[in-house]
Amino acid sequence: MDTLELIRTFREVAARGGFSRAAKSLDVSKANVSKYIAELESRLGTRLLNRSTRTISLTDAGDLLLERSTPLLEMMALTREELLHRSQEPSGRLRMTAPQGIGSVELPGLLADFMRRYPEVHVSLDLSNRVLDMVEEGLDLSLRVGTAADPNLIVRKLRRIDLVVCATPTYWQQRGIPQHPDDLAEHDALTLSLSGTSPSWRFKVNGKSHSVALRSRMDASDPVPLMHMALLGMGVARLPRLLVRNLLEQGSLQAVLPDYSPDDLWLFAGYVHRRHNSAALKALLAFMEERWKVE
């Protein structure tokens, strides 16, 4: 039996004034109560009760333990109630990570609406394009684009991600509009940083995956600088439509090769544990699925 349970038994003996009455209150045998008190005294290395055939009384050590254990058990009871509340009602701190592009465009509005619905939830958001170790970083949720790299993660698809190949109309006039993905090999590409690999973009040609090696003019760890470089006419970028939708509608950027876009790229949510997740995490997953319905 753990020490806290032994202390609870001791406190019941002290409150009831005897082993028999404590045993009845705890619904255990008198022999077990005696055994638990003896075990507690052994663990603490001191005698807690003065015993006689007719009565018991507390020793100085027993008085000290009774006094000091009161706030401890009260704190444990309050903590248990709070944890139970958090398991049933969305509340407390929720730690999550997301790519910088999504985190700066659509995620703030979604989180604002979520936090209005669940005012007891505090969100800690880490915007990073690095794949973080969720256990090491103490994260509850990871939003990523593509496929899950960690096989230990539980993954939920949230929404399909549409990537568009785009540049300014002036750039296309000067360099020519590509008619096939392979034509991009002759253009100045603005690419995401891919450590240890040659830059390439994957397309869908005749129903099959098709990779095109690129001549990268600039690479960056985040798509936002690439978007700005494309706007300055420095080359061709491949960016999430949600990031450049307004620029495409305004005509500042012009998209090409729409028929070759892959259809298997997703925004997914990853988390570590299948069971005993907090109510806040469950609520956020449900909220994102509601907002970003899987196609």
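The values are calculated or read from the model by the stated rules, or taken from the named source; none is laboratory data. Quick caveat, the model's predicted, so the values are computed rather than measured. Don't worry about glycine lacking a Cβ; one is built from the backbone with ideal geometry, like all the others, and counts go over all protein chains shown.
Tabulated data for the structure shown
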quantity: Residue list for region 126-144, filter: buried (at least 18 other Cβ atoms within 10 Å of the Cβ), aliphatic (A, V, I, L, M) and under 20 Å from Ser104 (Cα atoms); calculated: Leu139, Leu141, Leu143
quantity: Residue check, Thr168 of a type in the set (S, T, N, Q), closer than 30 Å to Arg215 by Cα and crowded, with 20+ Cβ neighbours inside 10 Å; calculated: yes
quantity: Residue tally, condition touching a helix residue (DSSP H, G or I) at 6+ places or on another chain (Cβ under 8 Å) and outside any helix (DSSP H, G or I), over region 1-11; calculated: 1
quantity: Number of the condition not met by Lys204 [criteria: (1) in contact with a helix residue (DSSP H, G or I) (Cβ under 8 Å, 6 or more places away or on another chain); (2) in the same structural domain as Leu127 (by TED's automatic domain parsing)]; calculated: (2)
quantity: Residue that is farthest from the chain's Cα centre (by Cα), among those in region 194-220 that are of a type in the set (S, T, N, Q) and surrounded by 14 or more Cβ atoms within 10 Å (Cβ to Cβ); calculated: Ser216
quantity: In region 251-283, residue surrounded by the most Cβ atoms within 10 Å (Cβ to Cβ) [restricted to those that are of a type in the set (S, T, N, Q) and farther than 24 Å from Thr191 by Cβ]; calculated: Ser278
quantity: Every residue from region 1-53 that is closer than 20 Å to Met76 by Cα and among the hydroxyl-bearing types (Ser, Thr, Tyr); calculated: Thr3, Thr9
quantity: Region 103-148, residues that are under 26 Å from Arg245 (Cα atoms) and acidic (Asp, Glu); calculated: Glu106, Asp113, Asp126
quantity: Flag if Lys293 is surrounded by fewer than 16 Cβ atoms within 10 Å (Cβ to Cβ) and either in contact with a Gly (Cβ under 7 Å, 6 or more places away or on another chain) or under 25 Å from Asn129 (Cβ atoms) (or both); calculated: no
quantity: Some residue of region 75-87 being within 19 Å of the chain's Cα centre (by Cα) and more than 30 Å from Leu267 (Cβ to Cβ); calculated: yes
